[in-house]
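See structure below.
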Amino acid sequence: QAQPQESGGGLVQAGDSLRLSCTVPGRTASNNGMGWFRQAPGKEREFVAAASWKGDAILMSDSLKDRFTISRVNRGSTMYLQMDRLKPDDTATYYCAVARRPYGSRRKEDYQYWGQGTQVTVAS
C-alpha cells in the first residue's frame, strides 16, 4: 500500500490561483482512477474532480468546473488540481485519493487510498 501525498496548499487572496499536486509512489495508481475531494470545517467531504488511469476521462464537480482543472502526468503517478479565481468558500482541506477501479468516481466509497490532505485557505 502506498499512500498518496498532497502538496501545494497555502494561504492566498480571493482571486488568486493555486496548483495542488498529488504523487503516489511506485505503480500503485498506474492502473487506477484518482480523485480530489475537499472538506471544510463542519462539513461533509465533497467531490471535486477525478481522472481515469490514462487521464483522458474526467469528472468534475458541476459547481467548480469553470475554475478548477484536473490532470495526470508521469504515467499516472502524479495528479494536479489547478484552481483559479479562488473564493473564500474554497477554503478547505484538499485530499487526493486512489480509486479501486481504472476510472474515477464522485463517491468517496469508490476510493481505497487517501492522502493526509493539504490545507487551502482563501482570504477575502
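The values are calculated or read from the model by the stated rules, or taken from the named source; none is laboratory data. Not measured: the values here are computed from a predicted model. Glycine also receives a Cβ, built like all others from the backbone with ideal geometry; neighbour counts cover every protein chain displayed. What goes into the accessible areas is simple: the full protein's heavy atoms, side chains included, and nothing from ligands, DNA or RNA. Shrake-Rupley method; radii C 1.70, N 1.55, O 1.52, S 1.80 Å.
Applying 1/(1 + (r/R0)^6) with R0 = 22 Å to the Cβ-Cβ distance of Q82 and Q3 gives a FRET efficiency near 0.45. The residues neighbouring K87, those whose beta-carbon lies less than 13 Å from its own, together hold a net charge of -2 under the Lys/Arg +1, Asp/Glu -1 convention. In whole percent, and with a 1.4 Å probe on the protein chains, what portion of the accessible area of the chain is carbon and sulfur? The C+S portion of the solvent-accessible surface of the chain is 43 percent. Measuring with a 1.4 angstrom probe and ignoring ligands and nucleic acids, K43 comes out at about 140 Å² accessible.
Counting charges near R19 (Lys, Arg +1; Asp, Glu -1) among other residues having Cβ under 12 Å from its Cβ returns a value of -3. Projecting the Cα atoms of S52, T118, M79 onto the dipole axis of the chain, where Lys and Arg carry +1 and Asp and Glu carry -1 at the beta carbon, places S52 farthest toward the positive end. Listed values for the stretch 100-111 are Karplus-derived 3J(HN,Hα) couplings in whole Hz (6.51 cos²θ - 1.76 cosθ + 1.60, θ = phi - 60°), namely 7, 10, x, 10, x, 8, 8, 9, 4, 5, 8, 10, and x replaces Gly and Pro. Place a label point 7 angstrom from the Cα of T121 along the Cα-to-Cβ direction, then list the residues of the stretch 2-26 whose backbone nitrogen is under 16 Å away. Output list for this probe position: 8-14. Per residue, the average separation of C-alpha pairs within less than 8 Å and at least 6 apart gives the chain a relative contact order of 36 percent.
Counting only Cα atoms, the stretch 32-77 measures 36, 20, 12 Å along its principal axes, largest extent leading. Take S30 and D89, extend 7 Å from each Cα along the Cα→Cβ direction, and tell me the distance between the two endpoints in nm. The modelled label-to-label distance comes out at 4.1 nm.
For the chain, the per residue solvent-accessible surface stands at 53 Å², with DNA, RNA and ligands left out and a 1.4 Å probe.
Taken over the chain, the percentage of Cα pairs per 5 Å bin, counting from 0 up to the bin with the maximum distance, is 2, 13, 24, 27, 19, 10, 4, 1, 0.
Taking a Cβ cut-off of under 13 Å around V73, the surrounding Lys, Arg, Asp and Glu residues balance to a net charge of +3, with basic ones at +1 and acidic ones at -1. As a calculated quantity, the FRET efficiency between S71 and K43 at R0 = 35 Å, using C-beta atoms, amounts to about 0.85.
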